[in-house]
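The next block holds one structure in the form of structure tokens; read it before the comments.
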């Protein structure tokens, strides 16, 4: 292979020819330029050693794109231009793993590692010590990337371990993944298994961007990574700061590996990114336990989230000898870290008012770091929870980040409490409007029932404008707060009466931002009946229930005039939901809001119910994480004639279970409900 200097000279000459109208580029020159851009990508994203400036890179990259636009038949399957995305898929197809992607046994006690070592000794009938390879347990999305003759050909999610989703077109946009291996004699087949994730700093930047654009923020890096890979529009995937780290093997041909540490070294040589800085080869299990404890203390310093340590027998020959037990390899285990805890002091307890008037007490605490993150607030849920844990202002408390994300007060420490301390009681008046609060005898939650409460108004407006409701894209929470505080918006319909002059009079509001908000408001005027009903924020009516109501009543006029008898005919509508709906519709101010919205130009499309598709007569409920976004899966079921239910009952035909299905799966099994995967649903649609 020519040197980088020679490659650059050749690429520069090709670039000059591109800009000379009388010159003709050959297919060989196109391949040479593609080789050079591959080399630049490898040095920049894998070696962190850029060979050219950003400006020079852009020139070479755009030159390559120009050649491809003029000669589409030349485009290589592994062209670097595939990094930008652009293809839009109707749905992800399935792919089968040549070797199952197995899960690992988990524990939260380092002593279990000693038991793991003992089990291996017993199986092999030896008392010898074993060399172990230890690596961080990434908290991302598991992925298998397949190379054939050195060229990246396919990427599959883990799925159920046997069958995954083909997400090749999206994974190709991850710039750190080589589209071809860095080898003159690549293996005939190499299946690389690893993790797609987002670094902590990149996650902060991504959420700042989402918030700035008025888009929903992500709960944690793992959700952001998984959601980015499962986009049907690959441009969205390309815009996200995704990383990939390889750590294991599937099938391979034409290459050998003597140990797990050799896998890492070989990956590095081939240009596959790994994170070897947090790995260690340990001579025995005692050294593994020490590394586990060291990593637990230092994990917050890593650039990404981890939730434990993966321990593998280092010898590949021993791995083969040990084989599998049930659905896990006998030669590997995962030791998870216990949730991080810390002590701090409750300085104040204040109450927030939600969209339905629910009063939620929140503890303001002396800032303390938990797992590398500074925690200041924690929800106390309700009075019952406060009494159970006996949490008071001034208390020293133990907090933990549940799932390494949500702060939670585990318990108070009464032994450190002041003698003058008194139990905390929720206020009797709303903190926002001073109305008397009410508590239903069947609920633990205390509520403000004043429909004109400014706090309820703000939260209701945020819900109305949200993505799954009216989808006013550029209308972030900050702007809604400002609109209410300034008196510009007092009802849903007021959004549609906003003028540019109103917006420009607000602090820090520019001309372009004002235009974007007004365009989003105008765009939201066309909506569906299901979205419109959901946007109204009627208590107990979620997206699925709103869809059932829309399918039954078909028009907004019929819904507004609903009677109790008619409501009870709607699937899954019980007395509680019917009474809540009738109470909302019976309020003259609410009915006037609906009229005002229609007068403001809201066009609610009449619902269309598909009862003749391949899923006609069948009911479904989704739980867990599917290979595609849930709203897309629900839409596909409904478009095929299926009905969506919101809870597990004997009336449910199929529970569609994805990753981490939760308690619904157990309930479905107890009731004898058929449990299927998303691939099974697709088969029903394709082969009714």
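Based on the Kirkwood radius over alpha-carbon pairs, what value in µm²/s does the Stokes-Einstein equation return for the translational diffusion coefficient of region 4-83 at 4 °C and 1.567 mPa s? Could the numbers behind the result be given before it?
Details: Rh = 12.7 Å.
D, rounded to a whole number, is 102 µm²/s.
How compact is region 473-519 by the rule of thumb for globular proteins, expressed as Cα Rg over 2.2 N^0.38 Å?
Ratio of Rg to 2.2 N^0.38 Å for region 473-519: 1.01.
Hey, any idea what the orientation-averaged projected area of the convex hull of region 351-502's Cα atoms comes to, in nm²?
Values: hull surface 47.9 nm².
The directionally averaged projection comes out at 12.0 nm².
Could I have the simple spin-label model distance between residue 660 and residue 413, label points 7 Å from Cα toward Cβ, reported in nm to one decimal?
Using points 7 Å along Cα→Cβ, the separation is 3.1 nm.
Tell me whether region 424-468 comes out rounded, prolate or oblate; compute the Cα gyration tensor, take square roots of the eigenvalues as a ≥ b ≥ c, and use a/c under 1.5 as the rounded threshold. Please list the in-between numbers first.
Numbers: a/c = 2.53, a/b = 1.68, b/c = 1.51.
It is prolate, given that a/c is not under 1.5 and a/b is the larger ratio.
If I take every Cα pair under 8 Å that is 6 or more residues apart in region 235-365, average their sequence separation and divide by the length, what percent do I get for the relative contact order?
17 percent
May I ask for the angle, rounded to the nearest 10°, between helix 111-124 and the longest principal axis of the chain, with both axes built from Cα atoms and the value confined to 0 to 90°?
40 degrees
By how many nm would the segment from residue 387 to residue 540 lengthen if fully extended, with 0.36 nm per residue of separation less the alpha-carbon distance?
That pair, residue 387 and residue 540, stretches by 52.4 nm at full extension.
With every atom except the alpha carbons ignored, what do you get for Rg and Dmax of region 187-267, in angstroms?
Both quantities, over Cα of region 187-267: 16.6, 51 Å.
Using a simple spin-label model with points 7 Å from Cα along the Cα→Cβ vector, what separation in nm is obtained for residue 223 and residue 262?
4.3 nm
Using a Förster distance of 25 Å, how high is the FRET efficiency between residue 239 and residue 616, based on the Cβ-Cβ distance and rounded to 0.05?
Details: r = 38 Å, r/R0 = 1.53.
The calculated FRET efficiency here is 0.05.
Once a ≥ b ≥ c are taken as the square roots of the eigenvalues of the Cα gyration tensor of region 533-630, is the result rounded (a/c under 1.5), prolate (a/b larger than b/c) or oblate (a/b not larger than b/c)? Provide the component values of the computation, followed by the final result.
Working: a/c = 1.73, a/b = 1.54, b/c = 1.13.
It comes out prolate by the Cα gyration axes.
May I ask for log10 I(q)/I(0) of region 106-336 at q = 0.11, 0.17 Å⁻¹, from a Debye sum over the Cα atoms as equal point scatterers with solvent left out?
-0.60, -1.30
Which angle between 0 and 90 degrees, to the nearest 10, do you get for helix 260-270 versus the longest principal axis of the chain when only C-alpha atoms count?
Between helix and principal axis, roughly 80 degrees.
Hey, what did the chain get for relative contact order, percent, Cα under 8 Å, at least 6 apart?
Over the chain, the number comes to 9 percent.
Order of 61, 152 from fewest to most other C-beta atoms within 10 Å? Before the final figure, lay out the partial values.
Values: 61 18, 152 22.
Fewest-to-most Cβ neighbours within 10 Å comes out as 61, 152.
Per residue, what volume in Å³ does the convex hull of the Cα atoms of region 454-605 enclose? Write out the running numbers ahead of the final one.
Values: hull volume 14.6 nm³, N = 152.
Given the Cα convex hull of region 454-605, per-residue volume reads 96 Å³.
Would you please classify the overall shape of region 537-582 from the alpha carbon gyration tensor, given that a ≥ b ≥ c denote the square roots of the eigenvalues, rounded means a/c under 1.5, and beyond that prolate means a/b larger than b/c while oblate covers the rest? Walk me through the intermediate numbers first.
On the way: a/c = 1.32, a/b = 1.12, b/c = 1.18.
It is rounded, given that a/c, with a ≥ b ≥ c, falls under 1.5.
What ranking do 448, 134 get, fewest neighbouring Cβ atoms within 10 angstrom at the top?
Numbers: 448 25, 134 22.
The order, fewest Cβ neighbours first, is 134, 448.
Using only the C-alpha atoms of region 115-221, find the volume of their convex hull and express it per residue in Å³.
Details: hull volume 21.1 nm³, N = 107.
Spelled out: Cα convex hull of region 115-221, divided by residues, is 197 Å³.
Output the 0 to 90 degree angle, nearest 10, between the alpha-carbon long axis of helix 285-298 and the longest principal axis computed from the alpha carbons of the chain.
Roughly 50 degrees, rounded to the nearest 10.
Counting other beta carbons within 10 Å of each Cβ, put 206, 179, 104, 309 in order, fewest first. Intermediate results must be reported in sequence, preceding the final value.
Numbers: 206 20, 179 23, 104 17, 309 28.
The fewest-first ordering by Cβ neighbours comes to 104, 206, 179, 309.
Rounded to two decimals, what is the ratio between the C-alpha radius of gyration of region 246-289 and 2.2 N^0.38 Å? Don't skip to the end; give the middle numbers.
Values: Rg = 11.9 Å, N = 44, 2.2 N^0.38 = 9.3 Å.
It is 1.29.
Label residue 508 and residue 478 with points 7 Å out from Cα along Cα→Cβ: what is the distance between them in nm?
With each label placed 7 Å out from Cα toward Cβ, I get 0.4 nm.
Efficiency by 1/(1 + (r/R0)^6): what FRET value for residue 398 and residue 360, r their Cβ-Cβ distance, R0 = 25 Å, to the nearest 0.05?
Computed FRET efficiency for residue 398 and residue 360 comes out at 0.75.
Give the separation of the Cα centroids, region 493-535 to region 117-189, in Å.
Comparing the Cα centres of region 493-535 and region 117-189, I get a distance of 47 Å.
When the chain is fully extended, how far beyond the present Cα-Cα distance does residue 518 get from residue 596, taking 0.36 nm per residue of separation? Could the numbers behind the result be given before it?
Working: separation 78, 0.36 × 78 = 28.08 nm, distance 1.83 nm.
Additional length available on full extension: 26.3 nm.
Once every DSSP H run of n ≥ 4 in the chain is given -39500 (n - 2.57) and the sum is divided by its residues, what mean residue ellipticity at 222 nm do you get, rounded to the nearest 500 deg cm²/dmol?
Working: 25 runs with 250 residues, N = 688.
Computed mean residue ellipticity for the chain: -10500 deg cm²/dmol.
Determine one quarter of the surface area of the Cα convex hull of region 341-423, which equals its mean projected area, and express it in nm² to one decimal.
On the way: hull surface 22.3 nm².
Taking the Cα atoms of region 341-423, their convex hull projects to 5.6 nm² on average.
Read-outs: derived from the displayed coordinates by stated rules, not from any lab. Since the structure is predicted, the reported quantities are computational estimates derived from the model, not experimental observations. Here Cβ is always computed from backbone atoms with ideal geometry, including for glycine, and neighbour counts include all displayed protein chains.
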